[in-house]
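To keep things clear, I will list the structure first and then write my remarks on it.
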Ligand code: PLP
C-alpha cells in the first residue's frame, strides 16, 4: 500500500507537552521504572479528590443524562455560569451567551476555527499554554507571540504587544492566571490590554481556567468586567482545575460585548457547536453545583493548604539549586524556572529534559514546548506531595551538579 500521510493542515501544529518525551517516559515505565511525573496539570493522580457534591450530582443525574443535550449545553448549567459572571461584574451576559464544551480545549479550537481566514493573525503570549498556538495554526491563522517579561513577574510587555498588531490581527489571547508562568496580571495591565483591543478593534480571548487558584491573598479580576460594548470578549473556564475533574471534560465559554456586530461570527460558533452535537452531558449537571456549592479549592490554597505548601517548597528548593532561578507563582499549578546559560550550556532543552528523565526518572516539560524561544526554561507542576517534591528536586540538584550541557 502507498504511504498514508497526515494532512498538511497539521504541519505547523505542535503540542509538545504530550510529545516524544511522554512517549520516552511510557517506554521507561514499560521497562519497570517508576517515573516522578512533574509534567502535566492533572490533579487526580496526585491524590486530589473532586468535591463530594460534584460526584453525587453526576451519579444522581446519570439516569437522566443519556440523551444529547442542547448543543450549547443544559439550561441550568448555562444559567449558573451566566449568573456567576454577573456577580463578577461582567455586564450584559445571559444564558444564551454561554457555550458548554468538552473541556475548555474544545471551545478554544471552536472559537478560532469559526473566526480565522488563512493568514489572519492572533496575538498569543510567549510562553503560552500551547493549545492556543496550535489551534490558531490548525484554523489556518498565524500565532504572533508577544513577550511576557520574567523580570516583571511575567507580566505582558505591552509595548511589544502593541508593536505586533498589524492589519491582519484579529484578537489577543490573555491567559490569566497563567500557565506556565503562574503570573496573575494586575488590573492596570488588564485595563491597558482592553484599551489596546478597543483602539484596534480586536477580540479578547480570556483563558481564566485557573481563576480560583490564587496564593498569598492575590485577587483575580475577570477581564470581561473591564470591557464595554465595544470589545468582544470570549471568557473561558471550567471544572478541570479548581474542581479537580479534568477527566469529566466540563468547560465553558462566555461571550460578552458587541454581540450584534459579531452576529455572523457567533452563527459560525453555533454551527460548530451543532456539528459536535453537545458536550459530555453527565458532567454538565455538575456545573451548577460546582459554582454554587462550597468552594473547597480554598482549603488547598490558603495557609496550611496542600497546594500552597507544595508551591512554597518547590520555589524554595528550585532557587537553592546553583544556576536555577524561578519567580514565585501567584496562581495556577506551575513554576517556569530559568536555567542560567552561563552555568548550563543547554542548546536543546528537550534533550535536557530527556537526559534528566533517563538519568533520574523525573519528567518535566521543556520551555520550548510553551513556545518560549530560548532553550533555557522548563515547567514543573506543583501538584506532587511535599515529600515527592523534595525527592524530585533533590535528585534534580544532584543531576544538575554533574550536567555539562548538550
Ligand atoms: N487553558 C489552560 C491555560 C490550561 O492550562 C488548560 C489545561 O491544562 C486548558 C485550557 C484546558 O483545560 P480543559 O481541561 O478544560 O480542556
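Bear in mind these aren't lab numbers, they're just calculated from the coordinates by the rules spelled out. This is a predicted model, so every value here is computed, not measured. Please note: Cβ atoms are built from the backbone with ideal geometry, for glycine as well, and neighbour counts cover all protein chains shown.
Ranked by the mean number of other Cβ atoms within 10 Å of their residues, highest first, the peptides 136-149, 278-291 fall in the order 278-291, 136-149. In this label model, residue 218 and residue 267 are separated by 4.2 nm, measuring between points 7 Å along each Cα→Cβ vector.
Evaluate the relative contact order of the chain (contact order divided by residue number), counting alpha-carbon pairs under 8 angstrom at least 6 apart; express in whole percent.
22
Extension gain, residue 33 to residue 198, is 54.1 nm, computed as 0.36 nm per intervening residue step minus the present C-alpha separation.
For the pair residue 14 and residue 308 in one chain, pulling the backbone fully straight at 0.36 nm per residue adds 102.7 nm over the alpha carbon distance.
Against the chain, whose longest principal axis comes from its Cα atoms, helix 52-61 is set at around 50 degrees.
For the chain, the longest principal axis of the Cα atoms and the long axis of helix 306-319 meet at an angle of about 40 degrees. Were the residues from residue 23 through residue 406 laid out at 0.36 nm apart, the gain over their Cα-Cα distance would be 135.8 nm. Most simply put, region 52-292 has about 40% antiparallel DSSP beta bridges, counting only bridges with both residues inside it.
Could you tell me the distance between the Cα centroids of region 276-319 and region 74-90, to the nearest Å? Region 276-319 and region 74-90 have Cα centres separated by 19 Å. Does anything in region 186-216 have its amide N under 19 Å from the 7 Å Cα→Cβ label point of residue 52, and if so which residues? Backbone N within reach: none found. Whole-percent P(r), the chain, all Cα pairs, 20 Å bins from 0: 27, 59, 15, 0. Coordinate range of the alpha-carbon atoms in region 104-170 per principal axis, descending: 35, 28, 12 Å.
Specify, per residue and in Å³, the volume enclosed by the convex hull of the alpha carbon atoms belonging to region 52-292.
115
Seen from all directions on average, region 323-396 presents a Cα convex hull projection of 5.0 nm². With axes computed from alpha carbons, what is the tilt in degrees of helix 263-275 against the longest principal axis of the chain, rounded to the nearest 10 within 0 to 90? Between the helix axis and the principal axis of the chain, the angle is about 70 degrees.
With both residues required to sit in the chain, DSSP beta bridges show an antiparallel share near 50%.
Determine the relative contact order of region 52-292: mean sequence separation of Cα pairs under 8 Å and six or more apart, normalised by residue count, in whole percent.
Over region 52-292, the number comes to 30 percent.
Could you tell me the ratio Rg/Rh of region 187-248? Both radii from Cα atoms, Rh via Kirkwood. Ratio of gyration radius to Kirkwood radius: 1.05. The rule of thumb for compact globular proteins, 2.2 N^0.38 Å, goes into the C-alpha radius of gyration of region 284-360 1.55 times.
Using only alpha-carbon positions in region 1-114, the gyration tensor eigenvalues give semi-axes of 35, 24, 17 Å once each is multiplied by 5 and square-rooted (largest first). A simple spin-label model places pseudo-atoms 7 Å from Cα toward Cβ; at residue 340 and residue 91 they are separated by 5.0 nm.
The Cα center of region 148-180 and the Cα center of region 324-377 differ in position by 21 Å.
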